[in-house]
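Just so it is clear, none of the values below were taken in a lab; they were calculated from the coordinates. Keep in mind the model is a prediction, meaning the values are calculated, not measured. Cβ placement follows ideal geometry from the backbone for every residue including glycine, while neighbour counts extend to all protein chains displayed.
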Amino acid sequence: MLVSGLVFMGTAPFVADYIVLAAGLVGLVLALVTRDELIRSWPSRLLLLALVLVSITIPFVYHSVADLLPLAAFAPLLLVPGIAALLRRSPEWLSPYAFAMACLAGAIAACLVGLAEYAAIEGARAGAGNNPIHYGGITTMLGFMALTGIVAGRSPIRLIFLLGPLAGLVAALLSGSRGPLLAWFALGIVAVPFIIWWNRRDRLVLAALAIALAAAIAVVMLSSDNRAVALLGPIAGNGSSISLASGGLPPETNGVQGLIAQAPLVQAIQQQDVARLAMLHAAWEAFKSSPIVGIGFGQIMPFAKAVNPDVDLGTLENLHSDIGNFAAMAGLLGVIAYGLVMLTPLSLLVPAAARSNRPLVLGSLMLVVGYGVLGLTNAMFGVLPQTMLFVLLLGYLMALQRNQATLS
């Protein structure tokens with residue numbers, strides 16, 4: 001399960017999905033039959049509560065079967081305790097080195113496949129058989145989750161895990177997508193201080209980290225056609241010369257809409273992707289029209305096209321933003337449900353003993369930050385590869401935490 005879901009998620013995502021789904025179902029049945037304490041744990045309760053909140057909105061917004069899709073998209077999250085139940089019965093896989101090595105193998109494999117594809121198609125956006133933004137996001141997550149191995153012990157072999165973020169960076173650049181690249185920087189900003197602090201007396205680790213950071217800078221500066229600069233340049237600027245495009249947010253200078261319109265990220269999106277900004281606008285308008293229960297998933301895209309008649313949204317099926325999708329389809333209840341899902345990894349750190357487990361702390365932070373930032377410009381929940389990767393990573397962290405609690 002771990003080998004499929006981690007090593008192959010970046011290169012054969014849907015095959016890996018089905019294996020993780022099947023294993024999660026087996027584990028969930030096993031946990032229910034044996035009345036495993038994982039079923040009653042706080043992470044399981046939070047995920048179930050999130051599903052209940054979304055379910056409450058269905059009777060109020062139902063127009064067609066499409067409005068039931070969020071339930072199907074959320075259902076895999078209930079497999080998290082099943083994944084954890086299986087892993088607790090395979091303690092050899094709870095070694096942070098084993099987990100981190102699988103993540104590293106997946107990131108490097110995805111990077112190499114992306115490079116081969118990039119060369120074969122003469123510089124077009126690489127996706128390794130997947131949507132480029134999904135490919136970039138998955139590989140970035142795998143690369144940073146590999147860093148759990150560098151804080152797990154004192155073995156010199158742990159330095160190899162610094163290659164994970166480098167592989168993720170290359171994949172993010174190959175994908176030509178802003179979201180994965182922005183997430184890479186956010187994850188790095190969070191991870192590096194922890195690695196430095198926990199290894200502050202280890203000169204070998206600090207030197208290797210400095211070399212890895214220098215290599216990352218070189219990769220960015222030498223990226224083909226300055227792709228990194230083209231993707232992130234507008235975000236770093238003040239956007240003062242950017243005018244609001246048709247279909248975007250109205251140019252108020254006060255209130256929530258004004259704050260949104262003036263945000264550097266929104267202005268960068270506005271400059272490069274009018275359709276994406278139009279979808280954010282639609283999410284806000286849908287939330288305002290039905291702030292408690294939303295308008296239902298089936299009504300999202302017709303609504304988005306209606307409020308943005310001058311923007312071609314083509315065949316897009318959602319608003320390409322987790323918070324936008326949840327706010328539009330389920331209103332305030334949906335926003336709360338999304339918040340519960342995103343807080344679930346952090347709930348693993350509530351016991352004081354858990355906060356002494358460095359791989360658990362770093363892994364939980366990487367999962368929240370990575371999915372939070374990637375979800376700003378892409379749907380992470382509801383798209384099977386990203387959803388199942390979250391389920392697998394959270395299940396592993398849950399098993400790691402419960403195993404430590406049992407041993408202590």
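What's the number of the only condition in (1) part of a helix (DSSP H, G or I); (2) of a type in the set (A, V, I, L, M); (3) surrounded by fewer than 21 Cβ atoms within 10 Å (Cβ to Cβ) that LEU316 fails to meet?
Here LEU316 clears every test but (1).
Within the group LEU79, LEU69, which residue is surrounded by fewer than 19 Cβ atoms within 10 Å (Cβ to Cβ), closer than 25 Å to VAL15 by Cβ and touching a Gly at 6+ places or on another chain (Cβ under 8 Å)?
Answer to the check: LEU69.
Looking at the range 1-20, which of the residues that are surrounded by fewer than 16 Cβ atoms within 10 Å (Cβ to Cβ) and in contact (Cβ under 8 Å) with a residue 24 or more places away in the chain is nearest to GLN386 (Cα to Cα)?
Ranking the qualifying residues of the range 1-20, first place goes to PHE14.
Among the residues of the range 64-74, are any outside any helix (DSSP H, G or I) and either in contact (Cβ under 8 Å) with a residue 24 or more places away in the chain or not basic (Lys, Arg) (or both)?
Yes, the range 64-74 has at least one match.
Within the set of pairs 6+ apart or on separate chains, which have a first residue in the range 22-46 that is within 10 Å of ILE83 (Cβ to Cβ), a second that is surrounded by 14 or more Cβ atoms within 10 Å (Cβ to Cβ) and of a type in the set (Ser, Thr, Tyr), and C-beta atoms under 9 Å apart?
ALA23/SER4; LEU38/SER44
Kindly indicate the residue of the range 145-174 that is of a type in the set (Val, Ile, Thr) and assigned to a helix (DSSP H, G or I) and also farthest from PRO132 (Cα to Cα) among those meeting that condition.
Looking at residues that are of a type in the set (Val, Ile, Thr) and assigned to a helix (DSSP H, G or I), I get ILE157.
Which of the residues spanning the range 85-97 are surrounded by 14 or more Cβ atoms within 10 Å (Cβ to Cβ) and either part of a helix (DSSP H, G or I) or touching a residue at least 60 places away in the same chain (Cβ under 8 Å) (or both)?
ALA85, LEU86, LEU87, ARG88, TRP93, LEU94, PRO96, TYR97 - these are the residues of the range 85-97 that are surrounded by 14 or more Cβ atoms within 10 Å (Cβ to Cβ) and either part of a helix (DSSP H, G or I) or touching a residue at least 60 places away in the same chain (Cβ under 8 Å) (or both).
Could you please find all residues in the range 350-408 being under 20 Å from TRP42 (Cβ atoms), hydrophobic (A, V, I, L, M, F, W, C), surrounded by fewer than 21 Cβ atoms within 10 Å (Cβ to Cβ) and in contact (Cβ under 8 Å) with a residue 24 or more places away in the chain?
VAL350, ALA353, ALA354, VAL361, LEU365, VAL368, ALA405
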